[in-house]
Amino acid sequence: MVTFELLDEPDSSITEPSTALRRQIQHLFGRSLHIRHVDAGSCNGCESEIKLLTSPYYDIHRLGIFFTTTPRHADLLLVTGAITRAMVDPLQRTYAAMPEPRLVVATGACACDGGIFGRSCLTLGRLSAILPVDTYIPGCPPTPLALIHGLLLTLGRAEQRLHRQILAHHADGKA
Amino acid sequence: MSILDWARQVRLLHPNEWEVVLTPANLTTTVEALCANPRNHFTDMFGVEMGGERQLRLLFALDSEHGWLHLVVPVTGDSPHYTSLVEVCPATLWYEREVAEECGIIPSGHPGPLHLRLPDDWPEGVYPHGGGFSWQDKIPAVAPHPVELASAPDGIVDYPLGPVRSGVVESGHYLLRTAGEELVDMRLQLFYKHRGIEKRAEGCSLLHLPLIAERISGTSAFAHSLALCEAVERAAGIEAPPRARYLRTLFAELERLYNHHGYQADLCQATGLVVGQAQFDVLKERLLRLNARLAGHRYLFGLNVPGGLSRDLTDTERQVIDEELRFQRRTFTVLEELLFRSNSHIDRLERTGTLPPELALAWGAVGPVGRAAGVDRDLRRDHPYAAYAELDFAVPLETDGDALARARLRLEEVRQSFRLIDQILGSLPSSAVRVPPEACMVRPGVSALGWVESPRGEGVHWLSFGEQRQARRYRVRTGSFANWQTFPAAVPGHNILTDFPVIEQSFGLSFAGADR
Amino acid sequence: MELGWLLRGWRTGIVTTPYPTRPDPPPQGFRGRPQLDGERCRIDDGCTVCVEVCLPRALRLETVPNGLDRRLVLDLLPCIMCGLCVQACPTGALHMQSDGELAVRSPQDAQTIVPLEMEVSSDGHI
Ligand code: SF4
Ligand code: SF4
Ligand code: SF4
């Protein structure tokens, strides 16, 4: 029998917030949410999309989501980029300055798992290597709608659409 | 000294691309002679390691007729030196630091520190472009050795900003020096976002190189992938089919449009004109949706391929662009008029962040920033690529060099882009949009240059291939990199601390493009 | 002047997306994400075309921890939605979807896996 564990299992102690904490978070941020964005080595594509969230086309204020300038008022850390060496320390300091409970969202292929850069001499290649990540938003860059879905999912206000799939083999039907 | 004087030593590599090999000893006089002619422009300087040999390379843009000139200086020894060129060509300041740090070729007598782009915990003597390791190798961290900033003199207050700053912005660090309200000086610390794009490209095939170029600066993705593809095509000795050249011009102008709208939106945000910001964001978003429809991607990723484009434009799509353009024109005219009637906005821009024209020229300002300070350069006109030579457009020029000039210049450029797109839609040649991939073959060991006038200025890419036709060395000089070097010159004099966000936005530079 | 802007805003009307109340589909041909059809995939016959063209290694062959079996993984986290794999796949097992609701709470949920058993000889060697 074949088992399907992840080869590169993320360190579960830092990447998986407990279900209880998750429920508490959903309760706390059910109504309004303040986001602090940190660019940790993006190409600016992700920022361009995030900025448009407050434009008339997307207007996330209607959903009770706001951007804040200081980490001290932030509930959620929205991180873009491949986590360059020079940004590790500023990123961790921003996280430390946020009050608990705090949420972390990895935005775009770069922050989720390195994108084209991966783990290299200059990039860590994934946010989960240094912070506990609540939600991953894939895409390069994720569209504003994908960002809204990711933020609402983090708050328990939207459904997750993708699930791990193990496909049947073409030759024989075993799964 | 004109190019003719070198006729015996100069080699023609590709049409409009010349090369001359020099020794470190005669480098200074050559650069001095080149800089004495105002028609020549210092463009780039970088180090290369090939088969154990290192080269210092400089790139100059000559006049339209002659194109580009590479100065190649082979160097030897463990710690090769040359005399710093900063005195004869001030614009080389950052470039010399980069070469020292990344290739280990040292400028004797350089006036500043040599550490520039690599992170503070990067070990000494490990040269990303000096050969010996690949992008995937782990380079251990050492105790950080940050560049020390002199502490503030009496009566001067320092405001550090960044690298994580307020709002949804890219990461970079400023140290603002103020006397009372007034801004007297500033220090820039960029390169927090240095991802090593050029190193990443080493060993990549023609299939993957455009994907890498697109991510140099996501909002100039089409411009950068275009420069890269032109370099590949020059290396392969082919040209993209006529229809591809026209469509590339079309997409490059669509990219300029959404960038310039985004620029005005950001500038409105800086002056507090929220209604203006919303309106320009609407124009930008409409163009991004158009991109998604035309290219399957809002930022035109995946469109440029060596030899042409990955997809054609249908007649229906052509009409869609035409209709959108009519809407854009109408709305833009109204918005522009409203902007100039918004005194609260215009007053904040006027005489703010003035970049004096003589400094703009000396420090090598390019693109809209340069043109707003009298630097009359535009690669679309001076060294035409794609289909620009066959189209009619004007290159606007301003001489005030302040934030208002930079904003006005971009407004005029939007109108010129409308004109260009109109002409392209009316005269689109019919042909294939891509040469077959097997016709786009580079010879092993060949190298070539590609260039583009991106929305933020000149992007110049140099690409050299290895034995397996993979990229051996990729060098990118972005418009933002050149312009950041000039940015601190706009800060002192008549500006107060609260002007800073306006100055920053009025330059409209990208950190990602500069840091690479 | 303010009046002019207000008038302009009024003329723009309401452009705000109906999402999330109602869907707001992207245009046709939008590269949302690659999708893998296990029925058509020829990984068993040694095809690894898509793995070779994928720059961020979002498509990769992995060895299952038992050390013998392998599997093809399509991982959307590092995927840059370039579509090169779709163009390259000889059997049409990959195609591009335009959907955009891709966020996941656990990295595993971004993965699609096609298991592949190697032929194992009687003495346990491949
Ligand atoms: S995920 Fe893509 S768009 Fe976002 S920063 Fe990375 S390369 Fe740029
Ligand atoms: S290229 Fe297509 S058939 Fe081949 S392994 Fe990939 S998905 Fe399967
Ligand atoms: S779309 Fe591109 S990045 Fe994603 S799996 Fe296919 S080839 Fe890899």
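Things worth noting here:
- Total accessible surface hidden between C and B, rounded to 100 Å², 1.4 Å probe: 2000 Å²
- Relative to the longest principal axis of the Cα atoms of chain C, the long axis of helix C:2-12 makes an angle of roughly 50 degrees.
- Computed about its Cα centre, the charge dipole of the stretch A:29-174 is approximately 160 debye, with only Lys, Arg, Asp and Glu carrying charge at their Cβ.
- The protein assembly as shown: translational diffusion in µm²/s, Stokes-Einstein, Kirkwood Rh over Cα pairs, 10 °C, 1.306 mPa s: 58 µm²/s
- In the stretch C:1-76, GluC sites (Glu not before Pro) in a DSSP loop with at most 16 other beta-carbon atoms within 10 Å: C:GLU39
- Given charges at Cβ of Lys, Arg, Asp, Glu: the stretch A:29-174 dipole, positive-most of A:PRO142, A:PRO90, A:ALA40: A:PRO90
- Counts of other chain beta carbons within 10 angstrom of each beta carbon in peptide B:197-204 average 2.
- Value of D in µm² per second that Stokes-Einstein yields for chain C, Kirkwood Rh from Cα pairs, at 10 °C (1.306 mPa s): 90 µm²/s
- Chains A and C together, accessible area buried on both sides, 1.4 angstrom probe, square angstrom: 4600 Å²
- When both bridge partners sit in the protein assembly as shown, DSSP labels roughly 70% of those beta bridges antiparallel.
- Farthest toward positive dipole pole in the protein assembly as shown [+1 Lys/Arg, -1 Asp/Glu at C-beta], among C:GLY46, A:THR54, B:CYS229: A:THR54
- Placing +1 on the Cβ of every Lys and Arg and -1 on the Cβ of every Asp and Glu, with no other charges, gives the protein assembly as shown a dipole of roughly 1420 debye about its Cα centre.
- For the stretch B:229-273, the residues whose backbone nitrogen is under 18 Å from a point 7 Å from the Cα of B:SER205, taken along Cα to Cβ, are B:229, B:232-233, B:236.
- Length available on full extension from B:GLN136 to B:GLU438: 0.36 nm per residue minus the Cα-Cα distance, which gives 105.7 nm.
- Measuring heavy-atom accessible area with a 1.4 angstrom probe and counting protein chains only, the residues of the stretch B:160-174 that give up at least 50 Å² relative to the chain alone are B:VAL164, B:VAL168.
- Span from the the stretch B:394-448 Cα centroid across to the the stretch B:9-37 one, whole angstrom: 28 Å
- The stretch B:227-258: GluC sites (Glu not before Pro) falling in loop per DSSP and having at most 16 other Cβ within 10 Å: B:GLU239
- When each of the peptides B:296-309, B:465-478, B:112-125 is scored by how many other beta carbons lie within 10 Å of its residues on average, the order from highest to lowest is B:296-309, B:465-478, B:112-125.
- Sulfur and carbon atoms: percent of accessible area, chain B [1.4 Å]: 52 percent
- Fraction of antiparallel bridges per DSSP, chain B only, in percent to nearest 5: 85 percent
- Axial C-alpha extent at least 27 Å, average Kyte-Doolittle at least 0.0 - helices from chain B (DSSP): B:274-295
- When peptides B:216-222, C:89-95 are ranked by their average number of other Cβ atoms within 10 Å per residue, the highest-first order is B:216-222, C:89-95.
- About the centre of its Cα atoms, chain B shows a dipole size close to 1340 debye [charges on the beta carbon of Lys, Arg (+1) and Asp, Glu (-1) only; nearest 20 debye].
- By DSSP, the beta bridges lying fully in the stretch B:3-108 are antiparallel in about 70 percent of cases.
- The shape of the stretch B:198-510 can be summarised by an equivalent ellipsoid whose semi-axes, obtained from the alpha carbon gyration tensor, come to 33, 24, 15 Å from longest to shortest.
- Chains B and A together bury roughly 3700 Å² of accessible area, counting both sides, with a 1.4 Å probe on protein heavy atoms only.
The values are calculated or read from the model by the stated rules, or taken from the named source; none is laboratory data. All of these numbers come straight from a predicted model, not from anything done at the bench. So basically every Cβ, Gly included, is an ideal-geometry build from the backbone, and we count neighbours across all protein chains shown. Quick note on the areas: whole protein, heavy atoms, side chains included, nothing else; ligands and nucleic acids left out. Shrake-Rupley method; radii C 1.70, N 1.55, O 1.52, S 1.80 Å.
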